[in-house]
Amino acid sequence: MTIIVTGGAGFIGSNFIFYMMEKHPEDRIVCLDKLTYAGNLSTLAPVMANPGFRFVRADICDREAVFRLFEEEHPDIVVNFAAESHVDRSIEDPGVFLQTNILGTQTMMDACRKYGIKRYHQVGTDEVYGDLPLDRPDLFFTEKTPLRTSSPYSASKASADLLVQAYHRTFGLPVTISRCSNNYGPYQFPEKLIPLMIANCLNDKPLPVYGEGLNVRDWLYVEDHCRAIDLIIREGKTGEVYNIGGHNEMRNIDIVKLICKELGKPESLITYVTDRKGHDMRYAIDPEKIHSELGWLPETKFADGIVRTIRWYLDNRGWWEKIISGEYQNYYEKMYGNR
Ligand code: NAD
Ligand code: DAU
């Protein structure tokens, strides 16, 4: 099989490529990525020379480039990871989120319609369900929870999901959608909570916790997410949505304190800063459907995954130090300078 993986130079996409090339060495993987600030070609260095792998630099909104690639590769499956993914950036500048996340999804599906496809898989997010109150720990997001978005990012991802469902109903495109909770693990861009706190801790810089740090996220080790997507594209039913999460809810402040402890840094580095606008309180996935229908369960416990992740950032300083020493400096100053 030939699988096009868009956004494969980013965090989850690159982990997915590594997972797939190890698990299914008979498949051909074609990575399509624009290499935005979040894409990093050096991440893919270990697979670049593999004859079963091809990298193509292109924008998923570029119809000509996308259609040309389909003509060349005749893919069986497309997994669309490519997106603008950071909520804070979407609050600063929503436009590119609508462009890539919605219109890019349309372009990919139009190519699938024209050239034919066995499966188009849309990598979605639990943020499309909005948030849950802190005082109702009995509530969880199921696939039937209404979409109720808070940020331009989540609105763009929800729009994309609706478009994917429309292409299934109207054109019969064989689609699936997954909606996963917060991922953590190797190669996550240091603008996101866990790698940002690890990098700042290692550099003895303040740890900027939004609001009171009481917001809850449901953390999943990235490899568990990759395994779930692999199952869905092979065994999932077309037209269906699958929630992915491992019942691992943590308050932000507790994660930051845990990182301090693991790295032997003082909690006095923690600095409470102005809250994120529209900040979602709690995310919590009910993964019953993917468990009962496809037999998926997370394999990595948070206690092990977080230690493995911290160790990875310690062992791969070059990867993230290169990022935070470049253009990222301007971003950091803009977002955190006067916060
Ligand atoms: P990321 O920001 O690390 O990577 C995004 C990748 O997409 C980058 O390589 C970037 O270069 C590429 N890209 C961006 N715009 C593009 C365009 N127009 N054309 C081609 N490539 C483009 O993101 P991530 O955290 O790996 O997330 C991947 C996907 O998973 C996204 O769709 C995101 O919404 C979804 N998701 C993420 C999480 C999470 O916790 N990170 C959880 C659930 C779902
Ligand atoms: O739930 C899935 C989503 O998880 C994905 O769809 C998104 O692509 C991904 O970025 C992530 O979104 P979050 O907004 O939950 O992740 P982030 O790492 O940006 O923030 C996690 C929590 O930590 C959130 O409550 C905000 C808080 N935070 C974040 C940063 C960057 C801080 O307190 N300080 C920070 O500096």
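Things worth noting here:
- Top-ranked residue of the stretch 12-29 - restricted to ones that are in contact with an Asp or Glu (Cβ under 7 Å, 6 or more places away or on another chain) and crowded, with 21+ Cβ neighbours inside 10 Å, ranked as nearest to P195 (Cα to Cα): N15
The rows are residues; the columns are (1) modelled with pLDDT of 95 or more; (2) surrounded by 17 or more Cβ atoms within 10 Å (Cβ to Cβ); (3) not aliphatic (A, V, I, L, M).
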position	(1), (2), (3)
M108	yes, yes, no
A111	yes, yes, no
G116	yes, no, yes
E143	yes, no, yes
S181	yes, yes, yes
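- Boolean, H121 is at pLDDT 95 or above, in a strand (DSSP E or B), within 12 Å of ligand 1 (Cβ to nearest atom) and within 25 Å of L103 (Cα to Cα): yes
So that you can scan it fast, the table gives a plain yes or no per residue for (1) within 16 Å of ligand 2 (Cβ to nearest atom); (2) over 19 Å from V164 (Cα atoms):
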position: G10; (1), (2): yes, yes
position: D27; (1), (2): no, yes
position: A58; (1), (2): no, yes
position: A65; (1), (2): no, yes
position: E72; (1), (2): no, yes
position: V78; (1), (2): no, no
position: A83; (1), (2): yes, no
position: D93; (1), (2): yes, yes
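- Filter pass, A9 being within 27 Å of I323 (Cβ to Cβ) and surrounded by fewer than 20 Cβ atoms within 10 Å (Cβ to Cβ): no
- Any hit, the stretch 14-34, residues being within 18 Å of the chain's Cα centre (by Cα), more than 17 Å from I229 (Cα to Cα) and not acidic (D, E): yes
- Selection of first residues in the stretch 274-298 that are of a type in the set (A, V, I, L, M) and of second residues that are surrounded by 15 or more Cβ atoms within 10 Å (Cβ to Cβ) and in a loop (DSSP other than H, G, I, E, B), restricted to Cβ pairs under 6 Å at least 6 apart or on distinct chains, gives the following pairs, ordered by first then second residue: M281/D131; M281/N215; A284/F140; I285/S181; I285/G245; I290/W296.
- Pairs with Cβ under 7 Å, 6+ apart, first in the stretch 83-103 and touching a residue at least 40 places away in the same chain (Cβ under 8 Å), second assigned to a helix (DSSP H, G or I) and away from ligand 1 (no atom under 11 Å from the Cβ): D88/M335; S90/P152; I91/P152; P94/P152; F97/P152; I102/S159; I102/L163
- Within the span defined as the stretch 53-61, every residue fails to be assigned to a helix (DSSP H, G or I) and surrounded by fewer than 19 Cβ atoms within 10 Å (Cβ to Cβ).
- When the stretch 289-339 is limited to residues that are of a type in the set (D, E) and in contact with a Phe, Trp or Tyr (Cβ under 9 Å, 6 or more places away or on another chain), the one that is nearest to K192 (Cα to Cα) turns out to be E327.
- One residue stands out in the stretch 211-222 among those that are within 16 Å of ligand 1 (Cβ to nearest atom) and not basic (K, R): the one that is surrounded by the fewest Cβ atoms within 10 Å (Cβ to Cβ), namely V216.
- Of all residues in the stretch 134-185 being without any contact (Cβ under 8 Å) to a residue 40 or more places away in the chain and of a type in the set (V, I, T), the one that is farthest from W312 (Cα to Cα): T170
- Residue match in the stretch 199-206 (condition: near ligand 2 (Cβ under 9 Å from one of its atoms) and crowded, with 17+ Cβ neighbours inside 10 Å): yes
- Candidates in the stretch 186-197 are the residues that are part of a helix (DSSP H, G or I) and within 14 Å of W319 (Cα to Cα); of these, the one that is nearest to ligand 1 (Cβ to nearest atom) is P195.
- Matching option when the condition is at negative phi and either touching a strand residue (DSSP E or B) at 6+ places or on another chain (Cβ under 6 Å) or in a loop (DSSP other than H, G, I, E, B) (or both), among N200, N101: N200
- Residue tally, condition part of a helix (DSSP H, G or I), touching a residue at least 60 places away in the same chain (Cβ under 8 Å) and either within 8 Å of ligand 1 (Cβ to nearest atom) or not small (G, A, S) (or both), over the stretch 19-44: 4
- Any hit, the stretch 203-218, residues being assigned to a helix (DSSP H, G or I) and either within 23 Å of N248 (Cα to Cα) or not basic (K, R) (or both): no
- For the stretch 66-118, a residue qualifies if it is within 13 Å of ligand 1 (Cβ to nearest atom) and in contact with a Pro (Cβ under 6 Å, 6 or more places away or on another chain), and the qualifying residues are S90, F97.
The values are calculated or read from the model by the stated rules, or taken from the named source; none is laboratory data. Note that the structure is a prediction, hence the values are computed from the model and not measured. For neighbour counting, all protein chains shown are included, and Cβ atoms are generated from backbone atoms with ideal geometry for every residue, glycine included.
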